Amino acid sequence: MTKPVFLFDLDGICCNLMQKWLAVYNRDYHDSLTENDIVAWEWHRFVKPECGKRIYHYLNRPGFFADLEPIDGCVESLSRLERVCELVVVTASPKEAAGDKMRWVQRHLPMVPKGNIVVTYRKDLVRGDFMFDDAPKNLRNHPATRIMLDYPYNRDFHDCHRVHSWLEAEELVCRMVAEKPETETPSVGAAMQPTHEGAGANTTAPA
């Protein structure tokens, strides 16, 4: 029997982008912005006016993603989920960061096969049984079972299973896999097709 395909994002799901992003912004602009202050996806609405959409320019800096810390419980949960699911990373990335993200996965998530990393801004085109993300725009039209990691900026989206930790996500997926009848599931090859590498995002938040 083919394993169900578990698609999952990197930024905000596996790696703690917010922690570094806020720290660097607060240092550069002498601000004290916190996670709870960001209550919508458009970060430029909450930073100082002199920063504005330049807040997204940090994401284009080579090396910015290289040293991000893993989200609590991510590595442990994925190590267990590997037994019941095919693991596929689906991440959006400006071209300057794509290499850093690939190396991050290889360093921190060795349970993910090297070929199972999809870089695309059209995550809805990547087939799978589950999609774990933090961005409403990525889950809104995705045909998989939608799982969202809770953040203040995504609480207006409700068409999903909302979880507050990796452990909750793991338990949900394992329960649903156990309850699911034996039906045809997408192969890894199908999950990887079609993919579209989007252009660099100079003025949009990560996905």
Inset, instruction - Please identify the pairs in which a residue from region 143-172 that is more than 22 Å from residue 125 (Cα to Cα) has its Cβ atom under 7 Å from the Cβ atom of a residue that is assigned to a loop (DSSP other than H, G, I, E, B) and β-branched (Val, Ile, Thr), counting only partners at least 6 apart or on another chain. - result: 152/38; 152/39; 153/38; 153/39; 166/71
Inset, instruction - Test residue 119 against the stated conditions and say whether it is under 15 Å from the mean Cα position of the chain (by Cα), closer than 26 Å to residue 64 by Cα and not charged (D, E, K, R). - result: yes
Legend entry - Which listed residue is surrounded by 18 or more Cβ atoms within 10 Å (Cβ to Cβ), aliphatic (A, V, I, L, M) and under 30 Å from residue 47 (Cα atoms), from 90, 126, 112: 90
Legend entry - Count of residues meeting criterion [touching a helix residue (DSSP H, G or I) at 6+ places or on another chain (Cβ under 9 Å), within 14 Å of residue 76 (Cβ to Cβ) and crowded, with 17+ Cβ neighbours inside 10 Å] in region 161-172: 3
Legend entry - region 9-47 - residue that is of a type in the set (S, T, N, Q) and in a helix (DSSP H, G or I) and, of those, farthest from residue 71 (Cα to Cα): 26
Inset, instruction - Can you confirm whether region 91-104 contains a residue that is of a type in the set (S, T, N, Q), more than 14 Å from the chain's Cα centre (by Cα) and on the phi < 0 side of the Ramachandran plot? - result: no
Inset, instruction - Could you please let me know if residue 33 is of a type outside the set (Asp, Glu), free of Cβ contacts under 8 Å to residues at least 24 places away in the same chain and surrounded by 19 or more Cβ atoms within 10 Å (Cβ to Cβ)? - result: yes
Legend entry - Meets criteria (among the hydrophobic types (A, V, I, L, M, F, W, C), modelled with pLDDT under 95 and part of a helix (DSSP H, G or I)) for residue 169: no
Inset, instruction - Using the structure shown, decide if residue 47 is within 25 Å of residue 164 (Cβ to Cβ), surrounded by 14 or more Cβ atoms within 10 Å (Cβ to Cβ) and among the hydrophobic types (A, V, I, L, M, F, W, C). - result: no
Inset, instruction - Looking only at region 114-131, decide whether some residue is modelled with pLDDT under 95 and under 16 Å from residue 78 (Cβ atoms). - result: yes
Legend entry - Residues satisfying the stated conditions in region 172-199, i.e. assigned to a loop (DSSP other than H, G, I, E, B) and at pLDDT 95 or above: none
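Hey, among 22, 10, 17, which residue is buried (at least 16 other Cβ atoms within 10 Å of the Cβ), within 26 Å of residue 157 (Cβ to Cβ), among the aliphatic types (A, V, I, L, M) and free of Cβ contacts under 8 Å to residues at least 60 places away in the same chain?
Of the residues listed, the single one that is buried (at least 16 other Cβ atoms within 10 Å of the Cβ), within 26 Å of residue 157 (Cβ to Cβ), among the aliphatic types (A, V, I, L, M) and free of Cβ contacts under 8 Å to residues at least 60 places away in the same chain is 22.
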Inset, instruction - Would you mind stating whether residue 50 is on the phi < 0 side of the Ramachandran plot, among the acidic types (Asp, Glu) and not in a loop (DSSP other than H, G, I, E, B)? - result: no
Inset, instruction - For residue 38, indicate whether it is among the β-branched types (Val, Ile, Thr), touching a residue at least 24 places away in the same chain (Cβ under 8 Å) and under 21 Å from residue 142 (Cβ atoms). - result: no
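The values are calculated or read from the model by the stated rules, or taken from the named source; none is laboratory data. All values derive from a computational prediction rather than experimental measurement. So basically every Cβ, Gly included, is an ideal-geometry build from the backbone, and we count neighbours across all protein chains shown.
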